[in-house]
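To keep things clear, I will list the structure first and then write my remarks on it.
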Amino acid sequence: MRRSVTFGTVRRLTSLLLCLRALALCAGGDNTPVGPRIAGMGQAGVTLIDLWSVHHNQAGLAGLTKITIGAHYQRHFLSEELSQQGLAVAIPLGKGTIAVSGNSLGFDLYRETKAGVAYAMRFCEGLRAGVQLNYFNVRLGENYGSRSMMTAELGIQARLTEKLWIGAHLYNPTRAKLGGPYDEKVPTILRAGLGYTFSDKLVITGEVAKDIDKQEQFHAGIEYRPISALFLRTGVSTGPVQGHFGAGVRVKNFDIDLAVAYRSLLGPTPMIGLNYRFE
């Protein structure tokens, strides 16, 4: 009996520590950025046109011209418990684009699931806007229960000059909460930034992100295209400081993207993504 109790106690303590580790790194309902292209550019994607704008700035979806479907996978700090995967599809319809996405983060003791529906519209060649509604579920293992909620996102992109764009994105403007015994709050985050296209070969982006309850974070990135089929990317972000590196290969209608974000104390977060554009 003593051995059984001791084993059970150790097992529960281990489970608790793993849950606390996951909660500390990935707060429930946080807008965890995904997509290896934008990750390779320091997560500075508020002005970019990309399928994974469903997680950065929905206005960027309005710049897509073909039906696009994609999948991504990343492992935070090489931890199997904090693996993340998701799917997204965007369908352009005239001046508008409809997109749906799903994303899962965690393991059997702690898991976040997010599903979103977005609509973006191109008002003219220099103005795009988008909105998104999300369903969030946070589940704890060992019969600790789960919590669900709805959040919203708003985004805009505008052209200031022929090569300079400005973008802004607001996550959780309604201040939705997960609730529970600790009345856990979901972050409300405002992002704003600039993107400058020097040529078809070089794009530079930069932005600032402000969680209303925390200090601001800064992001900057570069994408260089030496040949039509190859993209090279790098960037930096703060809060805490991370270095970002990435590469992409375009083969006909396929885009294969790789990236890694490195944090000195916790190590690398590798990620991979595959997009397909229909004719």
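Rule-based calculations on the coordinates, nothing more; no lab input. Remember, it's a predicted structure, so these values are computed and weren't measured experimentally. Please note: Cβ atoms are built from the backbone with ideal geometry, for glycine as well, and neighbour counts cover all protein chains shown.
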Checklist entry - Just Thr97, Thr47, Thr174 to compare: in a GNM of the chain, with alpha carbon springs under 10 Å, which one fluctuates most? => result Thr174
Next on the checklist: Using each residue's phi in region 72-82, evaluate 6.51 cos²θ - 1.76 cosθ + 1.60 at θ = phi - 60° and report the 3J(HN,Hα) Karplus result to the nearest Hz, with x for Gly and Pro.
Outcome noted: 9, 8, 8, 10, 5, 6, 6, 8, 4, 5, 10
Next on the checklist: Suppose R0 equals 45 Å. What FRET efficiency, 1/(1 + (r/R0)^6) with r the Cβ-Cβ distance, do Val241 and Glu279 give to the nearest 0.05?
Outcome noted: 0.60
Checklist outcome for this item: Other residues with Cβ under 15 Å from the Cβ of Leu133 give, with Lys and Arg +1 and Asp and Glu -1, a net charge of 0
Item to check | Selection of trypsin sites (Lys or Arg not before Pro), region 170-254, meeting DSSP coil and at most 16 other Cβ within 10 Å | outcome: Arg175, Lys201, Lys214, Lys252
Item to check | Under-29-angstrom lysine pairs by C-alpha in region 28-277, whenever the two are 8 or more apart or on separate chains | outcome: 22
Checklist entry - Over the chain, what lengths in whole Å, largest first, do the semi-axes of the equivalent ellipsoid take, defined as the square roots of 5 times the eigenvalues of the alpha-carbon gyration tensor? => result 34, 20, 18
Next on the checklist: Explain nothing, just the number: dipole magnitude of region 28-277 about its Cα centre with +1 on each Lys and Arg Cβ and -1 on each Asp and Glu Cβ, in debye rounded to the nearest 20.
Outcome noted: 620 debye
Checklist entry - If we sort 103-112, 31-40, 48-57, 259-268 on the protection proxy, mean other Cβ atoms within 10 Å, highest first, what's the order? => result 48-57, 31-40, 103-112, 259-268
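Below 8 Å between Cα atoms, with a sequence gap of 6+, how large is the relative contact order for region 28-277 in percent?
On the way: 755 pairs, mean separation 53.1, N = 250.
The value is 21 percent.
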Item to check | Dipole-positive endmost among Gly145, Thr197, Gly248 within the chain (Cβ charges, Cα centre) | outcome: Gly145
Item to check | Between 0 and 90°, nearest 10: helix 2-25 axis offset from the chain longest Cα axis | outcome: 20 degrees
Checklist entry - From the residues Val34, Gly155, Leu178, which one has its Cα farthest along the dipole of the chain in the positive direction, the dipole being from +1 and -1 charges on Cβ of Lys/Arg and Asp/Glu about the Cα centre? => result Leu178
